[in-house]
Amino acid sequence: MAAPSFPPLNDAYGRVARSLRVSVTDRCNFRCVYCMPEQPRWLPKDDILSFEELVRVCRVAALCGVEKVRITGGEPLARKGVPELVRMLKEVPGIRELTMTSNGMLLPRHARDLKAAGLDRLTVSLDTLDAERFLRINRRPGLEETLRGMEAAEKAGFSPLKVNAVVMRGMNDDEVGALARWARHHGRLLRFIEFMPLEGDRNWTRERVVPASEILERVRANFPFRPMPGAARTTAELYEYEDGGGAFGVIASVTRPFCEDCDRIRITADGGLRTCLFAQSALDLRGPMRAGAADAELAALLGGAVRGKGPGHLIDLPGFRRPDRAMNAIGG
Ligand code: SAM
Ligand code: SF4
């Protein structure tokens, strides 16, 4: 029997939501300066969706046409049993791509289980190759473990590995060339990310953003490259090195936003549906789910929220307002 389906998640600007980011926790073993405050106030435990609830949201979303799910957080591996969640999500019909973003610290312990559970791909975050700087940016030690985590992931079969590096002025902007060299050497797809105003410390300024144009210049000073032929315009602009040394990407959310092509929605660890990283509020799905809402009611809530999705964020423009939460509590 064919699976029932609900109307697709169309918005008012011709976009269709096909990709869902699932935050499984706001907690983290790091305190990255661009993400969370040094002293975070965690979401109440009872508010966090159970694995069954998370899977249900994904199942209903898949019935509305969502095809891709990315598990994130906070640090997803800081939540117990995430490989089991992967296994459960793998069984959801319609989800053809299941991925995860992790800071890598706990991958030596979990990489093999994640692979065995069916995770398709992994992205690991790393902003510097210098241990002291790592401590300044991540506010926890862990460079060695993170690097070991990447090796463990590759050994488990997650290859090529994607690596995310947030570039901040005065923090690691002088390391763009070195990071590119390192990623080339290891055959990892590095994506440089512009610093977005989602940090818990509330000290984002335009001056601290290193624009994509400057990141590209810094790479070019080391390795000539050209736009990757045939690369679709997605979040990351992709480039290939002219000497055949692989590729890299830039995620220019601030200076070259990709909102018009955005097919993403997000569910926070406490069950809030956000149609944009910069949404001012979330639609509560936890309450209706716990009150016994049927799948069709949840699908209608998803549909309504996506219909109300705005055209895009306004970072860099007058009138921009930050969301009410820091990145770790939204889900990156
Ligand atoms: N803890 C995991 C990690 O660090 O990979 C997953 C969650 S983290 C919020 C997801 C991604 O968002 C990471 O690659 C991180 O570097 C990025 N990120 C966090 N805060 C950011 C900000 N203010 N601007 C740009 N990227 C940010
Ligand atoms: Fe944790 Fe990831 Fe945020 Fe860093 S970016 S504090 S690792 S959730």
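Screening ILE315 on (1) closer than 29 Å to ARG79 by Cβ; (2) within 16 Å of ligand 1 (Cβ to nearest atom) shows it passes everything except condition (1). Quickly run through region 127-145 and pick out the residues that are in contact with a helix residue (DSSP H, G or I) (Cβ under 6 Å, 6 or more places away or on another chain) and within 13 Å of ligand 1 (Cβ to nearest atom). Passing the criteria: ASP127, THR128, PHE134.
Scanning region 198-219 for residues that are among the basic types (Lys, Arg) and either open to solvent by less than 60 Å² (accessible area, probe 1.4 Å) or within 12 Å of ligand 1 (Cβ to nearest atom) (or both) yields ARG202, ARG208. The C-beta contact set for region 134-148 (first residue at positive phi, second residue of a type in the set (D, E, K, R), distance under 7 angstrom, 6+ apart or interchain) comprises ARG139/ARG31; ARG139/GLU38. Considered as a group, the residues in region 291-309 that are in a helix (DSSP H, G or I) and among the small types (Gly, Ala, Ser) include one that is nearest to ligand 2 (Cβ to nearest atom), and that residue is ALA305.
Checked across region 30-47, the condition of being over 17 Å from GLY271 (Cα atoms), part of a helix (DSSP H, G or I) and away from ligand 1 (no atom under 16 Å from the Cβ) holds for no residue. There is at least one residue in region 24-35 that is modelled with pLDDT of 95 or more, among the aliphatic types (A, V, I, L, M) and within 16 Å of ligand 2 (Cβ to nearest atom). Residues in region 234-254 that are open to solvent by less than 50 Å² (accessible area, probe 1.4 Å) and of a type in the set (Gly, Ala, Ser): ALA236, GLY245, GLY246, ALA247, GLY249, ALA252, SER253. Can you find, within region 57-80, the residue that is most open to solvent (accessible area, probe 1.4 Å) among those that are more than 18 Å from ASN328 (Cα to Cα) and in contact with a helix residue (DSSP H, G or I) (Cβ under 7 Å, 6 or more places away or on another chain)? Filtering region 57-80 for residues that are more than 18 Å from ASN328 (Cα to Cα) and in contact with a helix residue (DSSP H, G or I) (Cβ under 7 Å, 6 or more places away or on another chain), the one most open to solvent (accessible area, probe 1.4 Å) comes out as LEU63. Just one of (1) in contact with a Phe, Trp or Tyr (Cβ under 7 Å, 6 or more places away or on another chain); (2) farther than 29 Å from GLU38 by Cα fails for GLY287. It is (1). Taken over region 255-288, the criterion of being aliphatic (A, V, I, L, M), under 26 Å from ALA12 (Cβ atoms) and either modelled with pLDDT of 95 or more or open to solvent by 30 Å² or more (accessible area, probe 1.4 Å) (or both) is satisfied by ILE265, ILE267, LEU273, ALA282, LEU283, LEU285.
If I filter region 310-329 for residues that are in a helix (DSSP H, G or I) and of a type outside the set (A, V, I, L, M), do I get at least one hit? For region 310-329, residues in a helix (DSSP H, G or I) and of a type outside the set (A, V, I, L, M): present. Looking across GLU97, GLU75, one residue alone is acidic (Asp, Glu), within 16 Å of ligand 1 (Cβ to nearest atom) and closer than 24 Å to ASN164 by Cβ. It is GLU75.
Evaluation of ARG87 against the conditions (1) in contact with a His (Cβ under 8 Å, 6 or more places away or on another chain); (2) more than 16 Å from ligand 1 (Cβ to nearest atom) shows that the sole unmet condition is (1).
The values are calculated or read from the model by the stated rules, or taken from the named source; none is laboratory data. Model, not experiment: these values are computed from the prediction. Reconstructed Cβ throughout: ideal geometry from the backbone, glycine too, with neighbour counts over all protein chains shown. With ligands, DNA and RNA removed, areas are computed over all heavy atoms of the protein, side chains included. Shrake-Rupley method; radii C 1.70, N 1.55, O 1.52, S 1.80 Å.
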